[in-house]
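First the structure, in the form of C-alpha cells, and then the observations on it.
The values are calculated or read from the model by the stated rules, or taken from the named source; none is laboratory data. Computed from a predicted model, the values in this text were never measured in an experiment. Cβ placement follows ideal geometry from the backbone for every residue including glycine, while neighbour counts extend to all protein chains displayed. Note: areas computed on protein heavy atoms with side chains; ligands, DNA, RNA excluded. Shrake-Rupley method; radii C 1.70, N 1.55, O 1.52, S 1.80 Å.
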Amino acid sequence: MTMMTEIMFVAMVVSVGCALPGVFLVLRGMTMLSDAITHSVLLGIVLAFFVTQDLSSPLLFIGAVLIGIVTVWLTEALQKTNLMKKDAAIGLVYPLFFSIAIILISRYAGHVHLDIDSVMMGEIGFTPFTRFSFFGLDLGPQALWINLFILLLNALLIVIFYKELQVSTFHPAYAAALGFSPTLIHYGLMTSVSVTAVGAYDSVGSILVVGFMVGPAVTAYLHTKTLKKMIGLTIVVAIFNSLVGVYLAFQLDVAIAGMIALVTGVTAFVSFLLKLAKQRLLAYI
C-alpha cells in the first residue's frame, strides 16, 4: 500500500467519523460548538500531561474529553443566565480555555513535543510513519485504527439511539413527554463530539476537524430533508472531499489538510449555489 493510499484511508475514516455526529450538530444549530470543543480540549491534554508526564498516557485522552464536556456545560450555563447569547458564550469560553493551554505549554512545557501549529493544522501526511503492529504484523497507520474505532462507535451509537436522537433533535418537548431525557441525549452527543475531536486531533488538527464535522453535513442538508438520507449523503460527501483533497494535494505538492479543507469548502459552496439556482428557477416557473 502506497503512502498516498494510506493517507487517503486515514482521511476517509477521520472525515466520516467526524461527519456522523456533525449531522446532528448542524440540525441542532450547534456547529460552532464543534469549533469550541476542538480548541478547548487542548487544555485537557495539557493538564493531564502535567499529572502523568507521559504524552502516550490514556489519561490525556480522558482529560481532553472531560474538558470538552466542561466547555459545553459552561457555555450553556452562561447562556441560561440570559445575560449573553449562545454565540457570545462560545466566544468567551473556548478562547479562555485555549489561551490557558497555550500559556501553560509555552511557560512550563517548552521542552515537550506539544507543537501549537500541529494542534491547529495537524499533519495527516505524517500518519503513515506511526504504525500499528500486532504480533509483529504491520497493520498500517495507528491513526487509521484509532479513528476507525471511533467511527464504528459513532455509527453504533446512532443506530442504537436513532429514534431518541431524531425526536430530541426535531421535537425536544415531545421527547421529554415520551420519557426521553433531551439533556442526557444532548450531553451524550457532546461526549461523542469530544471523543471524536480528540481522536482526530493528532491526525488532522482542530481546524480540519471542524471542517469535517460541518462541511459534509451542511452540503447534505442542502439537498435532502430526510434524516436517513442526510446521514447517507453526508458520508458520501465526506469520502469524496477526502479522496479529492488528498489526490490534489499530492498532485499540486501542497499541504494535505489545507487542500482537504479547501475541497470541503468549495463542495459546500457549489452545493449552495446549485440549491439557490434551483429555488430561483422554480420561483420563475
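Of everything listed in (1) within 30 Å of ALA257 (Cβ to Cβ); (2) open to solvent by 80 Å² or more (accessible area, probe 1.4 Å); (3) in contact (Cβ under 8 Å) with a residue 60 or more places away in the chain, the single unmet condition for PHE170 is (1).
Do you know which residues across the range 94-123 are farther than 30 Å from GLU76 by Cβ and at pLDDT 85 or above? Selection gives nothing. Among the residues making up the range 236-285, those that are closer than 18 Å to THR224 by Cβ and of a type in the set (Gly, Ala, Ser) are ALA238, ALA268, SER271, ALA277. Looking only at the range 250-279, residues that are assigned to a helix (DSSP H, G or I), in contact (Cβ under 8 Å) with a residue 40 or more places away in the chain and touching a helix residue (DSSP H, G or I) at 6+ places or on another chain (Cβ under 8 Å) come to 11 in all. The residue pairs whose first member lies in the range 214-238 and is free of Cβ contacts under 8 Å to residues at least 12 places away in the same chain, whose second member is open to solvent by 50 Å² or more (accessible area, probe 1.4 Å), and whose beta carbons are closer than 7 Å, counting only pairs six or more residues apart or on different chains, are THR224/LEU233.
Exactly one residue out of VAL214, VAL244, VAL159 is over 22 Å from ALA268 (Cβ atoms) and either in a helix (DSSP H, G or I) or modelled with pLDDT of 90 or more (or both), and it is VAL159. The condition of being over 15 Å from the mean Cα position of the chain (by Cα), within 17 Å of TYR201 (Cβ to Cβ), open to solvent by 80 Å² or more (accessible area, probe 1.4 Å) and of a type in the set (A, V, I, L, M, F, W, C) holds for only one of LEU59, LEU83, LEU43, that being LEU59.
Filtered by the rule that a residue be outside any loop (DSSP other than H, G, I, E, B) and loosely packed, with under 14 Cβ neighbours inside 10 Å, the range 217-229 gives LYS228, LYS229. In the set ALA101, ALA64, ALA36, ALA89, only one residue is assigned to a helix (DSSP H, G or I), without any contact (Cβ under 8 Å) to a residue 24 or more places away in the chain, open to solvent by less than 20 Å² (accessible area, probe 1.4 Å) and among the hydrophobic types (A, V, I, L, M, F, W, C); that residue is ALA89. SER194 meets each of the listed conditions (1) among the small types (Gly, Ala, Ser); (2) open to solvent by 10 Å² or more (accessible area, probe 1.4 Å); (3) over 15 Å from ARG28 (Cα atoms); (4) assigned to a helix (DSSP H, G or I) apart from (2). The listed residues are GLY140, GLY136, and the only one of them that is open to solvent by less than 50 Å² (accessible area, probe 1.4 Å) and either out of contact with any Cys (no Cβ under 7 Å at 6 or more places or on another chain) or modelled with pLDDT under 80 (or both) turns out to be GLY140. Checking the range 2-11 against the condition returns a match, with at least one residue being open to solvent by 20 Å² or more (accessible area, probe 1.4 Å), free of Cβ contacts under 8 Å to residues at least 24 places away in the same chain and part of a helix (DSSP H, G or I). When the residues of the range 230-285 are filtered to those that are in contact with an Asp or Glu (Cβ under 9 Å, 6 or more places away or on another chain) and small (Gly, Ala, Ser), the one that is surrounded by the most Cβ atoms within 10 Å (Cβ to Cβ) is ALA257. In the condition set (1) assigned to a strand (DSSP E or B); (2) of a type outside the set (Ser, Thr, Tyr); (3) in contact with a Phe, Trp or Tyr (Cβ under 6 Å, 6 or more places away or on another chain); (4) over 28 Å from ILE207 (Cα atoms), PHE132 is compliant with all but (4). Check whether at least one residue in the range 19-32 is buried (at least 24 other Cβ atoms within 10 Å of the Cβ), in contact with a Pro (Cβ under 8 Å, 6 or more places away or on another chain) and assigned to a helix (DSSP H, G or I), and report yes or no. Yes, the range 19-32 has at least one match.
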